[in-house]
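Below you'll find the structure, written out as structure tokens, and then a few comments.
Bear in mind these aren't lab numbers, they're just calculated from the coordinates by the rules spelled out. Because the structure is predicted, anything quoted here is derived from the model rather than measured. Methodologically, a virtual Cβ is constructed for each residue, glycine included, from the backbone with ideal geometry; neighbour enumeration extends over all protein chains shown.
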Amino acid sequence: MSAQKLAPSILSADFAQLAAEVDRVTPVADLLHVDVMDGHFVPNLTIGPPVVKSLRGRTDLPLDCHLMVTNPEDLLADFAAAGADGCTVHVELGDPRPRFDEMRKLGLRVGLTHNPATPFAAVEPYLDEIDLLLFMSVNPGFGGQAFIPEVLDKLREARRVVDERGLDVELEIDGGINVETAPEAAAAGADILVAGSAVFHADDPVTAARQIREAAWPNGS
Ligand code: DX5
Ligand code: ZN
């Protein structure tokens, strides 16, 4: 049984009116996904702790910060101080344990993620140590890319392992989620669906978010 949460990704919001965009999706959001990109780990450059701090003052939604940066360890304290609820780091950077330790120390929820081409075996050893495992279903860096369906095999495997072992780890999927792909991601066992362009680029983001949720979990929340 999945947790059935929707996380609009503010990457696709209009940053010039971010507060209004957040207010608009709040009734249909369980958390806000915040994409942090450094122009180095990924080519794009987005936002950091000051924006998280401003959001914290504006919303009670949990702020789920996805760190696509080369040096997350240098930024975790700033994100915690800004009011992030959790941070998610990439396994591609190398041993994530020192970053987990730092996150725990700071009271952050511990998230780990992996790119579409990175095998589940690369993150499986850490399942006991994390609160959230994020599956990238596009290559990180930009919103609006096409969903990579091969990622669903990894997600199904993770769902099986997490359930068999009774682990308290949420499974989140990020990239190319819309009304067509959300049902597949939900069926594969995702607890949290991240959706950026499918929500914020829609004429009516609230309706779009509701439709994604309804497509994913027809009998759910
Ligand atoms: C991509 C980001 C995603 C992005 C998803 O690197 O991690 O969170 O916002 O955007 P969509 O839903 O448009 O694929
Ligand atoms: Zn993301």
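At 222 nm, what helix-only mean residue ellipticity would the chain give, in deg cm²/dmol to the nearest 500, using -39500 (n - 2.57) for each DSSP H run of four or more?
-8500 deg cm²/dmol
Would you mind working out the magnitude of the charge dipole of the chain relative to its Cα centre, with +1 at each Lys and Arg C-beta and -1 at each Asp and Glu C-beta, to the nearest 20 Debye?
Numbers: 17 positive and 35 negative charges, 55 e Å.
Around 260 debye, computed over the chain.
Rounded to the nearest 0.05, what FRET efficiency is calculated for D128 and A187 with R0 set to 25 Å and r the Cβ-Cβ distance?
Efficiency, from the Cβ-Cβ distance: 0.45.
Would you please classify the overall shape of the stretch 60-145 from the alpha carbon gyration tensor, given that a ≥ b ≥ c denote the square roots of the eigenvalues, rounded means a/c under 1.5, and beyond that prolate means a/b larger than b/c while oblate covers the rest?
Here the stretch 60-145 falls in the oblate category.
Once you have the Cα-Cα distance between Q4 and A20, take 0.36 nm times their residue separation minus that, and quote the gain in nm to one decimal.
3.3 nm
Please give, to one decimal in nm, the separation of the simple spin-label points placed at N139 and N44, each 7 Å out from Cα toward the Cβ.
Computed distance between label sites N139 and N44 equals 1.4 nm.
Where a Cα-Cα gap under 22 Å defines reach, which lysines qualify for K105, not counting those fewer than 8 residues away within the same chain?
K53
Need one number: % antiparallel among DSSP beta bridges in the chain, to the nearest 5.
Looking only at bridges with both residues in the chain, the antiparallel portion is about 5 percent.
Label the stretch 1-72 by shape, choosing from rounded, prolate and oblate, from the square roots a ≥ b ≥ c of the eigenvalues of the Cα gyration tensor; if a/c is under 1.5 it is rounded, and otherwise prolate applies when a/b is larger than b/c, oblate when it is not.
Cα axes put the stretch 1-72 in the oblate bin.
Given A19, V34, P96, which one lies farthest toward the positive end of the charge dipole of the stretch 1-126, if we put +1 on the Cβ of every Lys and Arg and -1 on the Cβ of every Asp and Glu?
A19
Could you tell me whether the stretch 1-137 comes out rounded, prolate or oblate from its Cα gyration tensor? Rule is a ≥ b ≥ c as square roots of the eigenvalues, rounded for a/c under 1.5, then prolate if a/b exceeds b/c, otherwise oblate.
Prolate, because a/c is 1.5 or more and a/b exceeds b/c.
For the charge dipole of the chain, defined by +1 on Lys and Arg C-beta atoms and -1 on Asp and Glu C-beta atoms about the Cα centroid, which residue among L55, A182, F142 has the Cα displaced farthest towards the positive pole?
Ranked along the dipole, the leading option is L55.
Rounding to the nearest 20 debye, state how big the charge dipole of the stretch 99-142 is about its Cα centre with +1 on each Lys and Arg Cβ and -1 on each Asp and Glu Cβ.
So the magnitude is around 160 debye.
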